[in-house]
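Since the structure comes first, as structure tokens, the remarks are kept for the end.
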Amino acid sequence: MDLSLYGKNALVCGSSKGIGKAAAVQLAALGANITLVSRSPEKMSSIIKEMDMDIPKGQDHDFLVADFSDSTDLQKKVRGLSLKRNYHILINNTGGPAGGDVYSAKTEDFIKAFHNHLICNQLLTQLLVPGMKKDNYGRIINIISTSVKVPITGLGVSNTTRGAVANWAKTLSNELGQFGITVNNVLPGFTATDRLREVVESRAKKEGITYEQMAQRLKESTPIKRFADPLEVGAAIAFLASPSAAFINGINLPVDGGRTPSL
């Protein structure tokens, strides 16, 4: 099995913590050169030191400070990177929209979510695909949610936006497959991240129970009876980025311990 990513360059968005950080670490473990993208230079600098220390393989890691709410600045900065090197792997990942019922959501909530997820994904893809085509190797992996299969109660804007990203990705996979570029979505289940902590705290408060009680309830709803470690999700992402995943294209891959009640 060929899992080597030596000589491959990866742009990993939202990589200062959580699943984004885990994806970067796992891609680096397979040999990829990583460009971290987030708003926190201190955290990214620390992560690069960790990767260089834990995986000393002579790779070239760096980071880009960018805010997805400013797509013009993001586009300018990534274009500058893409002129210096070809990127073979794009991990589209950014923080999820705030919770709440879809009926009560404001118009601006939808606009912000679609901008940060769908529009920025599109801009980054357009910037990096020419290099992927040139090298006949491309992996575009979008970190979305199991809500594309079964909408999650209380995450109305997120459910809507994630569904749009999933269909965008499927369409893109049909267009780019002929160039050696695959497009897939990873659907994390309950994963031990700051985002999950916020969700658990919100649900616990709403139902008048403790954080621990709500966390246990969510764990019990998963056949494996625990939350995922972010590195477990990162491992799935890294596999999809590898040469061995060349014929996996246009799929939604749940990494959820079996929780999603559909195939």
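Values quoted throughout were computed directly from the atomic coordinates according to the rules given, and no laboratory measurement underlies them. Just so you know, these numbers come straight off a predicted model, no measurement behind them. Cβ atoms come from the backbone with ideal geometry, glycine included; neighbour counts cover every protein chain shown.
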Which value in nm describes the separation of the simple spin-label points at Ile251 and Asp135, placed 7 Å from the Cα toward the beta carbon? 2.4
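How far, in nm, would the chain grow between Ser202 and Leu231 when pulled straight, counting 0.36 nm per residue and subtracting the alpha carbon separation?
Stretched fully, the Ser202-Leu231 segment lengthens by 8.0 nm.
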Cβ-based exposure ranking for Glu220, Glu232, in which fewest neighbours within 10 Å come first: Glu220, Glu232
Which whole-Hz couplings ³J(HN,Hα) result when phi for each residue of the range 139-145 is put into the Karplus expression 6.51 cos²θ - 1.76 cosθ + 1.60, θ = phi - 60°, listed in order with x for Gly and Pro? 9, 10, 10, 9, 8, 10, 6
Give the relative contact order (percent, whole number) for the chain; include only Cα pairs under 8 Å separated by 6+ residues. 22
At R0 = 30 Å, how high is the FRET efficiency between Glu108 and Glu42 if r is their beta carbon distance? Nearest 0.05 is fine. 0.50
Hey, what do the phi angles of the range 30-47 turn into as Karplus ³J(HN,Hα) couplings, whole Hz, using 6.51/-1.76/1.60 and θ = phi - 60°, x for Gly and Pro? 8, x, 6, 8, 10, 10, 7, 9, 6, 8, 10, x, 5, 5, 5, 4, 5, 5
Stick to Cα atoms and the Kirkwood definition of Rh, then tell me Rg/Rh for the chain. 0.96
Each label point is 7 Å from the Cα along the Cα-to-Cβ direction; what then is the distance between the points at Asp101 and Ile152, in nm? 2.0
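Would you mind ranking Leu176, Leu187, Leu3 by Cβ crowding within 10 Å, fewest neighbours first?
Lowest count first: Leu3, Leu176, Leu187.
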On a straight-distance basis, which lysines could pair with Lys219 in a cross-link, Cα separation under 20 angstrom, same-chain partners fewer than 8 positions away excluded? Lys149, Lys205, Lys206
Could you list Leu81, Leu74 so that the one with the fewest beta carbons within 10 Å of its beta carbon is first and the one with the most is last? Leu81, Leu74
May I ask you to compute the full-extension gain from Gln126 to Lys170, defined as 0.36 nm times their residue separation minus their alpha-carbon distance, rounded to one decimal in nm? 14.3 nm
